[in-house]
Structure formats: C-alpha cells, structure tokens
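Take a look at the structure set out below.
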Amino acid sequence: MMKAEVRRQVHARLKRIAGQVTGIQRMVDEDRYCVDVLLQVAAVRAALDQVGKLMLGAHVETCVADAFASGSAGERRKKSEELLEVFSRFGSVSTR
C-alpha cells in the first residue's frame, strides 16, 4: 500500500502531466512546429518516468521489504518476479 505522502506526490505529478498533455493537444490543434510539439512529448515522457520511479521506490520500501522481512519463500519469489517484470517494462531505470 502506498504511503499517503507518496500518493499525494504522485497525484500532484499526474495532474501536472495532464496539464502538459492538454497543452500538447492545443499545440497540435494550433498546428505548431513539430519539433516544439515533440519536445513537449519528451517532457511528458520524462515526467511519467519520474512518477514510475517514485512509485517503484515506494513499492520496494513497503510491499517488497515487507515480503522479504516476514513473507514466505513463495511470497519473496513472487515479489522478485514482479520486480523483474517491472524492470523489463521500464527498460533502463536510473535511480538518480
């Protein structure tokens, strides 16, 4: 379960991203220069990556840590497999 502070941070970031996406839609409607639109798309992707990192860190600190501290071998294996799946979907994940 996500801590309240992390949930607040994720929600705030997602609201900001939604605003950025709305801005991109407006840029497309206004037939803005493609490179300008693409730069905004890259900014949204980077912002989503930051949300993912925040959520992944919170997951490791709570769910995964709990499973390794008190869970069965099966639960630890399940959490390890989940993490590997997340890492494979995220590709290269930097903690910086």
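Where a number appears in this text, it was derived from the coordinates with a stated rule and is not lab data. From a predicted model like this one, the values you see are computed outputs, not experimental measurements.
Going Cα to Cα from LYS79, which lysines come in below 20 Å? Please leave out same-chain ones fewer than 8 positions away.
Correct list for LYS79: LYS3, LYS53.
Restricting to DSSP H runs of at least four residues, report the calculated mean residue ellipticity at 222 nm for the chain, -39500 (n - 2.57) per run over all residues, nearest 500 deg cm²/dmol.
Details: 4 runs with 76 residues, N = 96.
It comes out at -27000 deg cm²/dmol, rounded to the nearest 500.
On a full-extension model of 0.36 nm per residue, what is the gain between GLN25 and SER80, subtracting their alpha-carbon distance, rounded to one decimal in nm?
Answer, rounded to one decimal: 15.9 nm.
Give me the angle, in degrees from 0 to 90, between the Cα long axis of helix 73-90 and the longest principal axis of the Cα atoms of the chain, rounded to the nearest 10.
Around 20 degrees separate the two axes.
Rg and Dmax of the chain, using alpha carbons, in Å: what are they?
17.4, 57
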